[in-house]
Amino acid sequence: MNISVIGLGKLGLCTAACFASTGHTVYGFDLNDHFRSELKSRRNPIEETGLTELLESAWERLHIVDSYEAALQSSDITLIIVPTPSLPDGRFTNDYLVKVLEGLAPALKSKSSFHIVDVVSTVMPGSCDTVFTPLLEKATGKRCGTGFGLVYNPEFIALGSVIRNFLNPDMVLIGASDERSGSAVSELYTSTCKTRPTMAVMSLVNAEITKISLNCYVTMKISYANGLAAICEQVPGADVDVITAAIGADSRVGSKCLKGGLGFGGPCFPRDNLAFQAFAEEFGSEALLGKAVVAVNNSIPERLFSRIARHCAPPAKVALLGLSYKADTHIIEESHSIMLAKMLVAAGYQVALHDPKALDAACDLLGNDVVCCVDPYECLTGAAAIALLTDWPRYRDLDWERVAMLAAPGSLILDSWRTAMNNDMSAFTYIPVGVGISAKDTVL
């Protein structure tokens, strides 16, 4: 197929590359002149796992154009992947989407053949029917469903694994204004995905609700596991990993996202919960479960801080290993590690930081209040407390005998993901999150 992608950021460029690498002809446009220039020179301006390698197989079919008109006129389907920032009340704003639709409208009006406009950006339920359709119909003089098609087709991906998630989905969500548009987008994904995903084709508003509510359901599983971990810590002999493994084996539950540790962060999950609550309130309802999910998530940095404060007082040195909101990404947005760092700095601790990818972003944010270390062993030298936060694979291979010689005697090891449990940790005050102390242990 001939498709166009408007917005070549973290998701947009990965989407364009995935389609092009599997044989589709893709026309990409972004308002960012630098992005377009880099891509025309076959250089990757985005950091994402596997993207540079994927682009090598996509360049021949990936064409960067300089206008909305060129993108739309060259394709049959236009995917729009631009930000929808959160407003103070939690709702998403459609401002960027509206500007793109206004930019596409003249080309859509003049085009004689049927064209499908595919909104990928996450939006508030009702946006397609009450905002996007009226806008396009008024600007083009065409009727949605006959003169052009409108599709809502959000992705379910995670930064750091965008390409793997995109090419191997469990389900492709397609809200469509008409059967023709829904079928065309289904065919596009069927010919692209490596798996045989469920094609969930439905109305526009049902797809809008599905997207935001599915993400909220995932965060519910995360908060459930973290709430369980907090309880297990108080029960001698309890182990959250043993318990969640059994719970997840039940097909009614499933094991994905059911692991006690740090909470959810990043650019999507936290704001999706707030948006869903705002959506429910708009229609006279209340997302009670969502509020509890957010409350559990927000409590985690404070719980970690309390563990550290019970072990050592300011101005002791605290080393934080892992700053991104999840492994395999440099993103620190809504990261619990960053929240904990701010709490420690405010309390007067000396805070040292390390992360394989997110160190620069974290240090730019926190400035001179922290010490940034390229070497993890430098980070924890002299530390009275060491918190293993983001689950980076390299932290599983730390030399704990060496750590014992470098850190302060009897230093606290706060292990968020239980990565060091199989090592000899007798030189430390070792606290694996989610594991209950035994009767003989000292309660911190």
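Could we say that LEU262 is farther than 20 Å from PRO85 by Cβ and buried (at least 21 other Cβ atoms within 10 Å of the Cβ) here? Yes; evaluated as a whole, the condition is true for this residue.
The conditions of being farther than 26 Å from CYS268 by Cα and assigned by TED's automatic domain parsing to the domain that holds VAL151 are met by LEU72. Please work out if ALA383 is closer than 30 Å to VAL162 by Cα and surrounded by 22 or more Cβ atoms within 10 Å (Cβ to Cβ). When the stated conditions are applied, ALA383 does not pass them. The condition (being surrounded by 20 or more Cβ atoms within 10 Å (Cβ to Cβ) and either under 22 Å from LYS326 (Cβ atoms) or hydroxyl-bearing (Ser, Thr, Tyr) (or both)) is satisfied by just one residue among LEU13, LEU55: LEU13.
Taken across region 40-50, residues that are at positive phi, charged (D, E, K, R) and in contact with a helix residue (DSSP H, G or I) (Cβ under 9 Å, 6 or more places away or on another chain) do occur, with at least one present. Please verify whether VAL201 is closer than 23 Å to VAL293 by Cα, in contact with a Gly (Cβ under 8 Å, 6 or more places away or on another chain), of a type in the set (Val, Ile, Thr) and touching a residue at least 24 places away in the same chain (Cβ under 8 Å), treating the condition exactly as stated. Here the answer is no, as VAL201 does not meet what is asked. Just one of the listed residues (GLU53, GLU48, GLU38) is among the charged types (D, E, K, R) and within 21 Å of the chain's Cα centre (by Cα), and it is GLU48. Entry remark, region 336-349: residues being touching a Gly at 6+ places or on another chain (Cβ under 9 Å) and of a type outside the set (A, V, I, L, M, F, W, C) number 2 in total.
The values are calculated or read from the model by the stated rules, or taken from the named source; none is laboratory data. Note that the coordinates shown come from a computational prediction; the quantities given were computed from them, not determined experimentally. Virtual Cβ from ideal backbone geometry, glycine too; neighbours counted across all protein chains shown.
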